[in-house]
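Single-structure report; data block below.
The values are calculated or read from the model by the stated rules, or taken from the named source; none is laboratory data. Source: prediction; values computed, not measured. Because the Cβ atoms are built from the backbone with ideal geometry, glycine has one as well, and the counts that use them run over all protein chains shown.
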Amino acid sequence: MVKLPLTLVLSATSIIALVFVFYRDMNFFLVLSILFFILNSLYLILIQVYSGSMSRFASNASVMGLYNAIRSLGMVFGSFFAGALYQNSIPSAFAYTSATLFIASLFFILAIQQKKV
């Protein structure tokens, strides 16, 4: 099932983003950046598979279209907000990313426990 891997990947990306706040070593940053983007691409695929499998009431194409539209809006506004944070303080952008991913994983865990997903 997709639920457990998605929860693990969201939690791992949250932890990696939090590590970016505290470490300043460039080599360590590059290694963690590669790992973060690998996990990022994994959770995007897992979310897409999961949202496609949940489309009982609508066609799969319309669910995927809605998912991609919402994801695009999130990428635009999230990048804008993270850029504004980055101007004020570089670690705050990584802390925001970590907090957002952590909250997303908590919401997903709560939804799984309540059997809503």
List pairs: first residue in segment 35-48 and without any contact (Cβ under 8 Å) to a residue 60 or more places away in the chain, second residue of a type outside the set (A, V, I, L, M, F, W, C) and assigned to a helix (DSSP H, G or I) anywhere in the structure, Cβ distance under 7 angstrom, at least six positions apart or on different chains. F36/T13; L39/T13; N40/T13; Y43/T13; L46/P5; Q48/Y67
Residue pairs within 8 Å by beta carbon, gap of at least six or interchain, first lying in segment 71-89 and within 21 Å of L46 (Cα to Cα), second surrounded by fewer than 11 Cβ atoms within 10 Å (Cβ to Cβ), listed first then second, are none
When (1) modelled with pLDDT under 85; (2) within 25 Å of S89 (Cα to Cα) are applied to L4, the one that fails is (2)
Filter result for Y50 (under 17 Å from V9 (Cβ atoms) and not in a loop (DSSP other than H, G, I, E, B)): yes
Return the residues of segment 100-117 that are assigned to a helix (DSSP H, G or I) and surrounded by fewer than 14 Cβ atoms within 10 Å (Cβ to Cβ); say none if nothing qualifies. I103, F107, L110, A111, Q113
When you scan segment 59-78, do you find a residue that is among the small types (G, A, S), more than 16 Å from the chain's Cα centre (by Cα), farther than 21 Å from L110 by Cβ and not in a helix (DSSP H, G or I), even just one? yes
